[in-house]
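See structure below.
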Amino acid sequence: MLTGHGNEAIAVQAMKEGTEDYLIKGLNSDHLQQAVQSAIDKGRLRRQVEDQGQELARLSEERL
């Protein structure tokens, strides 16, 4: 979430509702790059876990 205005209470609420990161406009580009890379990495890991879960379910069905 990228915002021009914000405070800690809004950041906490946004994170509780699933926001990956909370950034305030004007931050240095290093922080933005780190946040984007982190989101990409989390998405990649989430897909890997889903794929492995599907493969496990498939193997389990074959054994039954």
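We did not get these values from a lab; they are worked out from the coordinates using the rules stated. For clarity, every value in this text was computed on a predicted model and none was experimentally measured. We place every Cβ from the backbone using ideal geometry, glycine too, and count neighbours over all the protein chains shown.
Summary table
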read-out: Any pair with Cβ under 6 angstrom, 6 or more apart, that starts in region 2-15 at a residue that is loosely packed, with under 12 Cβ neighbours inside 10 Å and ends at one that is assigned to a loop (DSSP other than H, G, I, E, B); value: Gly4/Lys25
read-out: Tally of residues being loosely packed, with under 10 Cβ neighbours inside 10 Å and acidic (Asp, Glu) across region 16-64; value: 4
